């Protein structure tokens, strides 16, 4: 494939993104509106479903992420807050929403491997957040993954040591 302009390593062309990745992007946009605009979740959901390209997303996964994060926001914030070096309301809404998405997937989307959850949230933050926001999201989610997916993380790390 010959492309005229180089892309950064973590950025995929929108047309080549898997449906699940797209669902995370739409969930991020919706959660951003929730955090910044304090709009009603129902209104945000209707608006998001009308966005261009929504039909190419994994709609069931979007529903799980958006509605799950909305429902579990307080519980997820309680997990995030102790891992922060500042107040929760001082972190970027993009980072905050990416952490919610990651935490929700770690807790409720067990079909998604924990490393995929981290990678997808890091890429989302790189694409939509500030310069080093992805490092912050990575630190928080990496710190919580062993607690939320203990067996999977331990098995993955043991397999890594066996290869070394």
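The values are calculated or read from the model by the stated rules, or taken from the named source; none is laboratory data. Nothing here was measured: the structure is a model prediction, and the numbers come from that model. Heads up, the Cβs are rebuilt from the backbone with ideal geometry, glycines too, and the neighbour counts pull from every protein chain shown.
Can we say residue 97 is surrounded by fewer than 17 Cβ atoms within 10 Å (Cβ to Cβ) and either modelled with pLDDT under 95 or within 29 Å of residue 43 (Cβ to Cβ) (or both)?
no
Among the residues of segment 134-143, write down those that are buried (at least 20 other Cβ atoms within 10 Å of the Cβ) and closer than 23 Å to residue 62 by Cα.
134, 137, 140, 141, listed by residue number.
Scan segment 45-94 for residues that are in contact with a helix residue (DSSP H, G or I) (Cβ under 8 Å, 6 or more places away or on another chain), under 22 Å from residue 147 (Cβ atoms) and assigned to a helix (DSSP H, G or I) and report the count.
Total meeting the criteria: 13.
For segment 116-164, enumerate the residues that are without any contact (Cβ under 8 Å) to a residue 40 or more places away in the chain, over 17 Å from residue 84 (Cβ atoms) and not in a helix (DSSP H, G or I).
131, 164
In the list 105, 72, which residue meets the criterion of being surrounded by 13 or more Cβ atoms within 10 Å (Cβ to Cβ), within 11 Å of the chain's Cα centre (by Cα) and under 24 Å from residue 36 (Cβ atoms)?
Among 105, 72, only 105 is surrounded by 13 or more Cβ atoms within 10 Å (Cβ to Cβ), within 11 Å of the chain's Cα centre (by Cα) and under 24 Å from residue 36 (Cβ atoms).
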